[in-house]
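Structure first, then comments.
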Amino acid sequence: MQIDDPLALKQFIGGEKLVISSRFHGAINALSQAVPCITTSWSHKYQQMMADFGVADYCLSEVSASHLINKIEQLTQERAAIVATLAENSARLSQQNVQMWQSLGSLLAKFTADQKGFSCRHKRPSTTAYARNFSPIQIKTAGSLRNTGSFYFIGQT
């Protein structure tokens, strides 16, 4: 099965009971929706991500059949507690992300206000628009500075 629509993929992942992922964005997609996840780690960022969500024990740096089976059994037994931990940490991390973007927006607005001839624009494209139709020019010229989202652009006016 192949799902090309990112929103449909997110919905699919969110409906699962357990995800095993070697891909960072697949894992973050599961964890952020409180879906228990086992990751296979080839980079330090996986261990940190899993620790941030409170499930570092489910980040496997070495994968063997017996180790993976043991982790699946452990996760299945502790699933209710893990789901609660993921939901709590996902909400906390989401709030931290909002605060970070608000702080960044304030700093950039101040910077551009102090600089003659510069402006700051902000845009948070939808997942679908970002995945399929991303155009920096469209985003740069769209909207005004707002407090939520993912992209800030500074340019000369």
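Readers should treat all values here as calculations from the given coordinates under stated rules, not as data from a laboratory. The structure presented is a predicted model; accordingly, all values stated were derived computationally and were not measured. All Cβ positions, glycine included, derive from the backbone under ideal geometry; neighbour counts span all protein chains shown.
Annotations for the structure displayed:
- Virtual paramagnetic centre 7 Å along Cα→Cβ of Q99, amide N under 18 Å, in segment 45-70: 52-54
- Modelled this way, with points 7 Å down the Cα-to-C-beta line, the labels at F12 and D57 are 3.1 nm from one another.
- When S64, S90 are arranged by Cβ crowding within 10 Å, least crowded first, meaning fewest neighbours, the order is S64, S90.
- Each peptide among 24-30, 34-40, 11-17 gets the average number of other Cβ atoms lying within 10 Å of its residues, and from highest to lowest they stand as 34-40, 24-30, 11-17.
- Directionally averaged projected area (convex hull, Cα atoms, segment 1-84), nm²: 5.5
- With all pairs of separate Cα atoms included, segment 1-45 yields a Kirkwood hydrodynamic radius of 10.8 Å.
- Residue list for segment 29-58, given a label point 7 angstrom along the Cα-to-Cβ vector of A81 and an amide N cut-off under 19 Å: 34-39, 50-58
- Values of log10 I(q)/I(0), in the order q = 0.28 Å⁻¹, for segment 49-110 under a Debye, Cα-only, solvent-free model: -1.12
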